[in-house]
Structure formats: C-alpha cells, structure tokens
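Heads up: the structure comes next, in structure tokens.
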Amino acid sequence: FSSQTPITATLFPGDGIGPEIAESVKQVFKAAEIPIKWEEHYIGTEIDPRTQSFLTWESLESVRCNKVGLKGPMATPIGKGHRSLNLTMRKELNLYANVRPCCSLPGYKTRYDNVNLVTIRENTEGEYSGLEHQVVRGVVESLKIITRSASLRVAEYAFHYAKANDRERVSAIHKANIMQKTDGLFLECCREVAEKYPEIKYEEVIIDNCCMMLVKNPTLFDVLVMPNLYGDIISDLCAGLIGGLGLTPSCNIGEGGIALAEAVHGSAPDIAGKNMANPTALLLSSVMMLRHLNLNEKANQIQNAIIGTIADGKYRTADLSGSSSTTEFTNAICDNL
Ligand code: NAD
C-alpha cells in the first residue's frame, strides 16, 4: 500500500477501558496523519442467532472484507446460551495464530533490560476446543484436540515470521514426554516445517523447563511456537518480564490474510471510565497493524513517540507508577510524534 491510499480497517473499541484506549489510538493516528479510515463496530446488546453471540454477523463480515482491524478488550456477559466474544471471533474468523512480541521498553526499568522475544500461540484448538462433559457424577472430562492441519499451519507461520523478521531461532514448546500423542503430533509438524527452513535454528523445549529458563534468562529465547494453553500462559509470563499487561501488544493472524491486532489485557473493569488506563498496549498493537500493512515509516514514528514518552518519565499512567491520565499521556505522545 502507498502511504497515501486510505485503507479501511475495522475497529472494535470493546468493553471497559476499551473505548478510552481506542480513543487514544484514533487521536494518535489523526495526529500522525495515518491513511486509515476506521469502520467502527460495537458489541450488540442482543444475541445474534447467526453467530450465537453478542457479536453480530455484520461485525465479522467487516473484518472478513477489510482483512485488517484493531480490537479492544471484550468482556463476555455472564449467562448461558451464547458463546464468548473472543472465542466467537477466533473461531468464525479462523484466527489461527496469536503473535506477541515482547521487547523491553527503553526507559522503563524492569528486572531485565534486554528482553526481545516473540511468542506464537496456536489459537484454535488444544484444551480450548470447548469439549468438556461429565462422565459420571464426580468425574468430568475435557478433550484436548491437536490436529495435523492446525499444527502445520501455526508452525509454518512461526518459521515464516522468523525468516521475515530476521530472527535466528524457533523453539517449539511442549510436554510431549507426558502427552505423547497430542504434543507429539505438534512436534512432528514443527520438525517437518523446520526442515524447509534450514537457515533458522530449531529446538524443542519442555514447557516447565521453558518457564524456568524464561524467568532466569529471557535472552535464551527468540521465537517460541506452542499449542494454545501453553501459549496463553507463557505469553502472559513474557508480558510480566517487560512491565505488565498495559504494555504488551499482539496480533491475530487468520485465514485468507486477515490480521486483527489486539491488546493482551482485558477490559480492566476496576479502572474503566476513570481516564486512568494505559493505552500503550493497544497503541503498540495498532503499530503491529501498520507493519502488517507495510506502513513501516508511520509505524516507527508512532512507536518512537510512545517509547520516547515513557522514557521521558514526565507523563506516565498509574500502572507505570505515574500520575498522568490516559488523555495527558496520549497528548504527550502526540506532541512527541
Ligand atoms: P484485566 O486485564 O482486565 O485486568 C487485570 C489487571 O490489570 C487489573 O488490575 C487492571 O486494572 C489492570 N490493567 C489491564 N489493562 C490495563 C491497562 N491498559 N492500563 C492499566 N491497567 C490495566 O483482566 P481481568 O480483570 O482478569 O479481566 C477483566 C475482563 O476482561 C473479563 O471479563 C475477561 O473475560 C476480559 N478479558 C478479555 C480479554 C480480551 O478481550 N482479549 C483478555 C483478557 C480478559
């Protein structure tokens, strides 16, 4: 895309702090003159029978059509008879890989200064297939589904990502010593794909050992690929290494070239409506979206302004031990563009 062509992207402001941090993104994009036209979609107030969820068919169609979007956090209303909003989105759009870069932010001190890794999580199956039932009273069963097609697809994406981003190594994270069939198949698929990428080093690490190595020395890793449940846990562990959920972006990759970027955190009901939320995670997610669109110059401009503002230390939100409101922090980023 040329930087002059306006591109239509779907925007879900979402729940809780979602609308506040989505407003920050819109403000920063306007100030940076990003050639994006937002098509905003809101969560419905009634269940749409076509999706069995509060997400409407039209919202999903918007992402399918635009192929690119940004999603705020969504809290699933408690009750029966409908699907979780995030699960509906993942299943209906076939968002098969969740990519979370985790890099130390210069100027924001944590235990480590040099974290630079990427987790790639299989997003559609494993323990999250939603297949649970009671066998007899007092005994329940949950099915972990691993398929060759979904494992090959996510492994392929991980190696493609590593190559495209000049990364050296892909580590497959597993527990195949115990779950020989399921994680065994996942590893088999990773090995198969690894053979097609001789320039990328490949290794296999058992999940428990991986956790220990990550907290001891995160520089031991580069790109990590793993089944759904391990990915959910490890990616939050990695977010903790760089300062928490308020800072960590992600992007979901779907079939047919769909890219739906989203912050890692939830709707933070405890601070919603208080102008206190840190918009960094959603802003950095929007930067990932821009990179997906090859708008790299604009992406760098926004990323540098965010990092510069945090490093300055004058304007920081409460989660980073500052006292700035979402609005003050956003204004500072715009001034730094
Ligand atoms: P959460 O991420 O919303 O909040 C955890 C803690 O982190 C809270 O103290 C919160 O104030 C803080 N926090 C999160 N984001 C922040 C930000 N940007 N700035 C400052 N502080 C921030 O997790 P939770 O409380 O477990 O979940 C709340 C709701 O969000 C639930 O309904 C859950 O289902 C939903 N959720 C949605 C997503 C998603 O849409 N992808 C992800 C996780 C949770």
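The values are calculated or read from the model by the stated rules, or taken from the named source; none is laboratory data. Bear in mind the structure is a predicted one, so any value in this text is a computation, not a measurement. Reconstructed Cβ throughout: ideal geometry from the backbone, glycine too, with neighbour counts over all protein chains shown.
Residues in segment 58-80: is at least one touching a residue at least 12 places away in the same chain (Cβ under 8 Å), in contact with a Phe, Trp or Tyr (Cβ under 6 Å, 6 or more places away or on another chain) and aliphatic (A, V, I, L, M)?
Checked against the condition, which is being touching a residue at least 12 places away in the same chain (Cβ under 8 Å), in contact with a Phe, Trp or Tyr (Cβ under 6 Å, 6 or more places away or on another chain) and aliphatic (A, V, I, L, M), segment 58-80 yields no hits at all.
Working carefully through the options 124, 56, find the one that is surrounded by 14 or more Cβ atoms within 10 Å (Cβ to Cβ) and either on the phi > 0 side of the Ramachandran plot or over 20 Å from the mean Cα position of the chain (by Cα) (or both).
56
If you go through segment 281-294 one residue at a time, how many are assigned to a loop (DSSP other than H, G, I, E, B) and either aromatic (Phe, Trp, Tyr) or buried (at least 23 other Cβ atoms within 10 Å of the Cβ) (or both)?
0
Run down 112, 96, 128, 108 and say which single residue is closer than 24 Å to residue 151 by Cα, among the aromatic types (Phe, Trp, Tyr) and either away from the ligand (no atom under 16 Å from the Cβ) or touching a Gly at 6+ places or on another chain (Cβ under 9 Å) (or both).
Sole residue among the options that is closer than 24 Å to residue 151 by Cα, among the aromatic types (Phe, Trp, Tyr) and either away from the ligand (no atom under 16 Å from the Cβ) or touching a Gly at 6+ places or on another chain (Cβ under 9 Å) (or both): 96.
Being touching a helix residue (DSSP H, G or I) at 6+ places or on another chain (Cβ under 8 Å) and without any contact (Cβ under 8 Å) to a residue 60 or more places away in the chain: is that true of residue 284 here?
yes
Please work out which residue is surrounded by the most Cβ atoms within 10 Å (Cβ to Cβ), limiting yourself to segment 37-53 and to residues that are farther than 14 Å from residue 18 by Cβ and of a type in the set (Ser, Thr, Tyr).
Looking at residues that are farther than 14 Å from residue 18 by Cβ and of a type in the set (Ser, Thr, Tyr), I get 53.
State which residue is nearest to residue 165 (Cα to Cα) when the search covers only segment 317-337 and only residues that are in contact (Cβ under 8 Å) with a residue 24 or more places away in the chain and part of a loop (DSSP other than H, G, I, E, B).
Within segment 317-337, the match that is nearest to residue 165 (Cα to Cα) is 337.
Which condition number does residue 300 fail, the rest of (1) more than 9 Å from the ligand (Cβ to nearest atom); (2) in contact (Cβ under 8 Å) with a residue 12 or more places away in the chain being met?
Going through (1) more than 9 Å from the ligand (Cβ to nearest atom); (2) in contact (Cβ under 8 Å) with a residue 12 or more places away in the chain one by one, residue 300 breaks only (2).
Is segment 236-249 home to any residue that is part of a strand (DSSP E or B) and touching a Pro at 6+ places or on another chain (Cβ under 9 Å)?
Within segment 236-249, one or more residues are part of a strand (DSSP E or B) and touching a Pro at 6+ places or on another chain (Cβ under 9 Å).
What's the total number of residues in segment 176-209 that are surrounded by 15 or more Cβ atoms within 10 Å (Cβ to Cβ), β-branched (Val, Ile, Thr) and part of a loop (DSSP other than H, G, I, E, B)?
Number of matching residues: 1.
Take segment 133-154 and flag every residue that is out of contact with any Phe, Trp or Tyr (no Cβ under 8 Å at 6 or more places or on another chain) and under 30 Å from residue 256 (Cα atoms).
143, 144, 145, 147, 148, 149, 152, listed by residue number.
Can you confirm whether segment 13-34 contains a residue that is of a type in the set (A, V, I, L, M), over 22 Å from residue 300 (Cβ atoms) and away from the ligand (no atom under 16 Å from the Cβ)?
For segment 13-34, residues of a type in the set (A, V, I, L, M), over 22 Å from residue 300 (Cβ atoms) and away from the ligand (no atom under 16 Å from the Cβ): absent.
Looking at 242, 253 in this structure, which one is modelled with pLDDT of 95 or more and either of a type in the set (A, V, I, L, M, F, W, C) or closer than 23 Å to residue 173 by Cα (or both)?
Result of the check over 242, 253: 253.
Please verify whether residue 212 is within 16 Å of the ligand (Cβ to nearest atom) and surrounded by fewer than 23 Cβ atoms within 10 Å (Cβ to Cβ), treating the condition exactly as stated.
no
Take the residues in segment 250-280 that are in a strand (DSSP E or B) and within 11 Å of the ligand (Cβ to nearest atom); name whichever of them is surrounded by the most Cβ atoms within 10 Å (Cβ to Cβ).
263
Quick check, is residue 319 surrounded by fewer than 22 Cβ atoms within 10 Å (Cβ to Cβ) and under 28 Å from residue 89 (Cβ atoms)?
Yes: the conditions hold for residue 319.
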